[in-house]
Amino acid sequence: MDPLHQLDSAELVERVRAHDQAAWVALTERYTGLLWSVARSMRLNEEDAADAVQTTWLRLVEQLDTLREPDRVGSWLATTVRRECLAALRRRTRLATMDGWEDMADSAEPLDEALLRAERDAALWRAFHALPENCRTLLRVLMADPPPKYAEVAAALDMPIGSIGPTRRRCLDALRGILLSGPEPSDARSAGTNRGGHDESR
Amino acid sequence: MNRDEDDDTLLARLRTIADHTDAVPDAVVAAARAAIETRDLDSELAALIADSAATTPAQTFEAVRSGPPGTVAERLLSFEGAGVQVELEVVRSGDGLTLMGQLIGVEPGECVIERAGGRDEAVHLDELGRFLAEGVPAGPARLRCRSTTGRTVVTAWVSL
């Protein structure tokens, strides 16, 4: 494994400040997956998500030498991309109000089943989309590769860090419930709504 | 298998599926790597102090009417720093964005709209420090100007 990938984030930031190009690449490899997941969890389309992630990295470069807590750079990035996404959503909403609704086509759920290797995965992905929105948002962020720290997830979603673990557990329970309720996506969706609270019973 | 392993396994499966159906586009990875090339140790920053599209209270102000009667500014941005103030109004039109800027503390002449990964565009400031740029593509951008004290000032990046 590339030794840079074993350095903590504060050390990577220090090296980037000292003009280490490889450290910058390692930093982007560590967090671009998280930033993309956050933008997609907030249902930005691909174009807006790409702009939000790019602007977040540009902002880090801009703040590189004044960043106060380099060890928390992941949380800083997560907070920054969240703000960018909220601004993008507000622009989008205003635009939709002005232009009618043609720009609101939801491309945020690219269920390209041809790409899924097995029906089992397709069923799981359908079940995921039948979850309540708060669960879809949290789980989409947790799906980031590499997996984010809870502090970064909390920053990305503006949630208390202590609620991430319990919510993750409840949402995965709800997901299993939908999977058990049957293979039909329409059934799964209605079961997901009718059984609100099913996941609270543990 | 205990419960935590169970949860971890299920999440790992979801992660694998997301890697196939909603992977980070190559262009996004490339833009992240290229961002470091915008590092600029010689210029001073005019920070974003207000954005009508922001939701955090410190950066919020009400959109006000301006321009010809009946038109509403789509987005208002304010930057300040290094003795320079920038007010930027962004209006979406048929062909890209129209930017109207008003700058204080800047030498008359030219400023540059920098677009990460795109073409930079020079804009001319009139004697009152105003400029108009039409047909600007959406995406991250910042403004680079020379202050009256001879320093180069750049605004914070914003996604237009």
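The values are calculated or read from the model by the stated rules, or taken from the named source; none is laboratory data. Small disclaimer: the values here were computed from a predicted structure and weren't measured. Virtual Cβ from ideal backbone geometry, glycine too; neighbours counted across all protein chains shown.
Some notes on this structure:
- The single condition among (1) more than 7 Å from chain B (Cβ to nearest Cβ); (2) at pLDDT below 90 that residue A:90 does not meet is (1).
- Residues that are touching a Ser or Thr at 6+ places or on another chain (Cβ under 9 Å) and surrounded by 14 or more Cβ atoms within 10 Å (Cβ to Cβ) were ranked within region B:1-27; the one that is nearest to residue A:141 (Cα to Cα) is B:18.
- The set of residues in region A:138-181 that are assigned to a loop (DSSP other than H, G, I, E, B), at the interface with another protein chain (Cβ under 10 Å from one of its Cβ atoms) and free of Cβ contacts under 8 Å to residues at least 60 places away in the same chain contains only A:147.
- Filter result for residue A:9 (over 19 Å from residue B:116 (Cβ atoms), polar (S, T, N, Q), crowded, with 24+ Cβ neighbours inside 10 Å and in contact with a helix residue (DSSP H, G or I) (Cβ under 8 Å, 6 or more places away or on another chain)): no
- Qualifying residue in region B:28-44 (condition: within 15 Å of residue A:145 (Cα to Cα), touching a Leu at 6+ places or on another chain (Cβ under 9 Å) and either at the interface with chain A (Cβ under 8 Å from one of its Cβ atoms) or buried (at least 18 other Cβ atoms within 10 Å of the Cβ) (or both)): yes
- Taken over region A:40-82, the criterion of being charged (D, E, K, R) and surrounded by fewer than 20 Cβ atoms within 10 Å (Cβ to Cβ) is satisfied by A:43, A:46, A:47, A:65, A:68, A:69, A:71, A:72.
- Residue in region A:32-50 that is in contact with a strand residue (DSSP E or B) (Cβ under 9 Å, 6 or more places away or on another chain) and either of a type in the set (A, V, I, L, M) or within 27 Å of residue B:139 (Cβ to Cβ) (or both) present: yes
- Odd one out for residue B:134, checked against (1) part of a loop (DSSP other than H, G, I, E, B); (2) of a type outside the set (A, V, I, L, M, F, W, C); (3) away from chain A (no Cβ under 14 Å); (4) touching a residue at least 40 places away in the same chain (Cβ under 8 Å): (1)
- Taken over region A:35-46, the criterion of being of a type in the set (D, E, K, R) and at the interface with chain B (Cβ under 8 Å from one of its Cβ atoms) is satisfied by A:40, A:46.
- Any chance residue B:89 is charged (D, E, K, R), closer than 21 Å to residue B:54 by Cα and in contact with a Leu (Cβ under 6 Å, 6 or more places away or on another chain): yes
- Within region A:47-72, if we keep just the residues that are more than 8 Å from chain B (Cβ to nearest Cβ) and either farther than 20 Å from residue B:22 by Cβ or not in a helix (DSSP H, G or I) (or both), the residue that is nearest to the chain's Cα centre (by Cα) turns out to be A:72.
- Inside region A:12-34, residues that are more than 21 Å from the chain's Cα centre (by Cα), part of a helix (DSSP H, G or I) and more than 10 Å from chain B (Cβ to nearest Cβ) make up a count of 5.
- Filtered residue count, region B:103-121, keeping only those that are farther than 20 Å from residue B:137 by Cα and either within 14 Å of another protein chain (Cβ to nearest Cβ) or in a strand (DSSP E or B) (or both): 4
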